[in-house]
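In what follows, a structure is listed as structure tokens, so that the remarks can point back to it.
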Amino acid sequence: MPSLFSVTPRSGLPAHPAKLNNGSAEGGAQLTVRTVQDMTHVPIDHFLQIDLRRFMDAVDQVDGVEVCTARRLKDSATKLDLAPGRHRLGGGRSLQYVRSRHVDGSADLGRIQRQHRFLVAALRGLMSRHVLTDPEAMLRIGRTLLGAASVDQGFGTGDLVEPASLLSRVPLSGTEFATVPIAGFNPVIKGVGSTLRWDPKKSDQVFADLRADRPLIPAGQNPLPGDPPDMRSSLPVRGSSLACR
């Protein structure tokens with residue numbers, strides 16, 4: 001998981017080291033957002049919080065998402081088992097795909113890459129069927145994704161329609177996917193466990209580019225994703241390089 005941070009829980013307990021994914025449990029979504037902003041200095045205006053049920057329902061609502069793999073993907077924990085090739089996944093199998101982290105030694109980095117691939121596949125499918133430019137279809141999907149949101153996420157169902165239409169004009173080659181550059185592991189902390197350490201220089205550059213709205217990948221370059229990914233050579237990639245061929 002990402003670098004350590006200090007949690008100041010809503011319970012009023014003293015701040016203490018924790019993994020980033022502890023933020024929601026200890027201080028709700030707002031603590032997670034505030035922590036990411038504090039660590040990256042990248043402002044976050046809105047966020048979308050989706051539970052597992054709404055994720056599966058949304059995938060089923062668009063008749064599934066087609067993913068592809070060049071090698072067998074098998075995880076005994078999630079029961080994922082995909083042979084090489086193309087697969088159209090419904091909600092349940094999609095959840096297996098994006099949650100699996102025991103496929104190989106890449107663990108969470110592999111899971112993140114599969115999540116990136118899934119987003120690209122979903123975007124490609126929605127584009128090909130012109131769903132992103134159909135206001136009624138987007139409203140239905142938005143209602144499914146948001147549900148009866150108990151957390152103020154800064155927008156409502158209708159606010160998803162215009163960004164979806166704008167996104168439909170962006171080619172996959174114009175999208176970028178990245179993980180924070182990693183320098184190794186932090187020392188193990190009792191009660192926290194093993195955590196990855198961000199590369200200070202490289203991660204600062206990534207966040208500076210994001211704040212300035214600069215591309216992470218130089219023009220004319222198209223780096224290919226490792227499969228499985230390697231934390232020592234993780235590079236930003238274009239969405240087109242993650243898409244099925």
| remark: Given the candidates Leu166, Gly226, Leu52, the one whose Cα lies deepest towards the positive end of the charge dipole of the chain, counting +1 at each Lys or Arg C-beta and -1 at each Asp or Glu C-beta, is Gly226
| query | What is the range 120-245's relative contact order, in percent, from Cα pairs under 8 angstrom and six or more apart in sequence? | reply | 27 percent
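Need one word for the chain: rounded, prolate or oblate. Basis is the Cα gyration tensor (sqrt eigenvalues a ≥ b ≥ c); a/c below 1.5 gives rounded, then a/b vs b/c decides. Numbers along the way, then the final one.
Values: a/c = 1.38, a/b = 1.19, b/c = 1.15.
The shape class here is rounded.
With a cut-off of 8 Å between alpha carbons and a minimum separation of six or more residues, what is the relative contact order of the chain in percent? Provide the component values of the computation, followed by the final result.
Working: 354 pairs, mean separation 46.7, N = 245.
Over the chain, the number comes to 19 percent.
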| task | Return the carbon/sulfur percentage of the accessible area of the chain, one whole number, probe 1.4 Å, all protein chains in place. | result | 55 percent
| Alpha-carbon centroid distance for the pair the range 163-192 / the range 96-126, whole angstrom | 12 Å
| request: Round to the nearest 10 and report in Å² the accessible area of Glu162, as given by a 1.4 Å probe over the protein chains' heavy atoms. | output: 130 Å²
| said: Over the range 28-172, what portion of Cα pair distances is larger than 20 Å, expressed as a whole percent? | reply: 55 percent
| note | For the range 44-123, the convex hull over Cα atoms projects on average to an area in nm² of 5.7 nm²
| For the range 143-213, what does the alpha-carbon gyration tensor say about shape, rounded, prolate or oblate, given a ≥ b ≥ c as the root eigenvalues, a/c under 1.5 as rounded, and a/b over b/c as prolate? | oblate
| Thinking of the range 108-245 as a set of Cα atoms, what percent of all their pairs are more than 26 Å apart? | 40 percent
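Can you give the accessible area per residue of the range 37-111, in Å², using a 1.4 Å probe? Don't skip to the end; give the middle numbers.
Values: 4120 Å² over 75 residues.
Solvent-accessible surface per residue comes out at 55 Å².
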| query | Of Arg232, Arg53, which has the most accessible area and how do the rest follow, probe 1.4 Å? | reply | Arg232, Arg53
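The values are calculated or read from the model by the stated rules, or taken from the named source; none is laboratory data. None of these values were measured; they are calculated from a predicted model. Ideal geometry is used to build each Cβ from the backbone, glycine not excepted, and the neighbour counts take in all protein chains shown. Just the protein is used for accessible areas: all its heavy atoms, side chains included, with ligands, DNA and RNA removed. Shrake-Rupley method; radii C 1.70, N 1.55, O 1.52, S 1.80 Å.
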